[in-house]
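Undergrad: Structure provided below as structure tokens; questions to follow.
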Amino acid sequence: MARALSQDLRDRVVAATEAGMSCRAAAPRFGVGVATAVCWRQMVREHGRANAGKPGGDQRSSKTDTHADLIMAMLDEDRDITLAEFQSGLAGQGVHVGIGTLWRFFDRRGITRKKRRGTRSSRIAPTS
């Protein structure tokens, strides 16, 4: 995983743009992308400093967590509901999420969606 660029570099790029240099000219001079220089300049305008964000973390679980009551109500209503049915039911409520997002929602809560119980292993013949 890539590391964030140093705060010193961020400050030098921003100082150059504040001194009158354009973001397009400052970017190659300091060896960063044009979009990066523009982004740092916007961060300074909005927040006062171009600080690096906290690395890593889950970026998408908040979408399903805000609708956890609705999802759990759907589960209580029909214990045999599939993830695709969850997805279409949520879309009807204006919440658009993917099947993988729903799977991770249930995985975080330890809720399995297995339809049948596991069978005992057989030493004689393979089981389905």
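Undergrad: State which residue pairs qualify: first residue within 11 Å of Ala27 (Cβ to Cβ) and inside the range 37-50, second residue among the acidic types (Asp, Glu) and assigned to a helix (DSSP H, G or I) in any location, beta carbons under 8 Å apart, and separation of 6 or more residues or different chains.
TA: none
Undergrad: Given the options Ala37, Ala15, Ala50, Ala27, name the one that is over 30 Å from His96 (Cα atoms) and touching an Asp or Glu at 6+ places or on another chain (Cβ under 9 Å).
TA: On the way: Ala37 fails: touching an Asp or Glu at 6+ places or on another chain (Cβ under 9 Å); Ala15 fails: touching an Asp or Glu at 6+ places or on another chain (Cβ under 9 Å); Ala27 fails: touching an Asp or Glu at 6+ places or on another chain (Cβ under 9 Å).
On inspection, the qualifying residue turns out to be Ala50.
Values in this text are rule-based calculations from the coordinates and carry no lab data. From a predicted model like this one, the values you see are computed outputs, not experimental measurements. Every residue, glycine among them, receives a Cβ derived from its backbone with ideal geometry; neighbour counts consider all protein chains shown.
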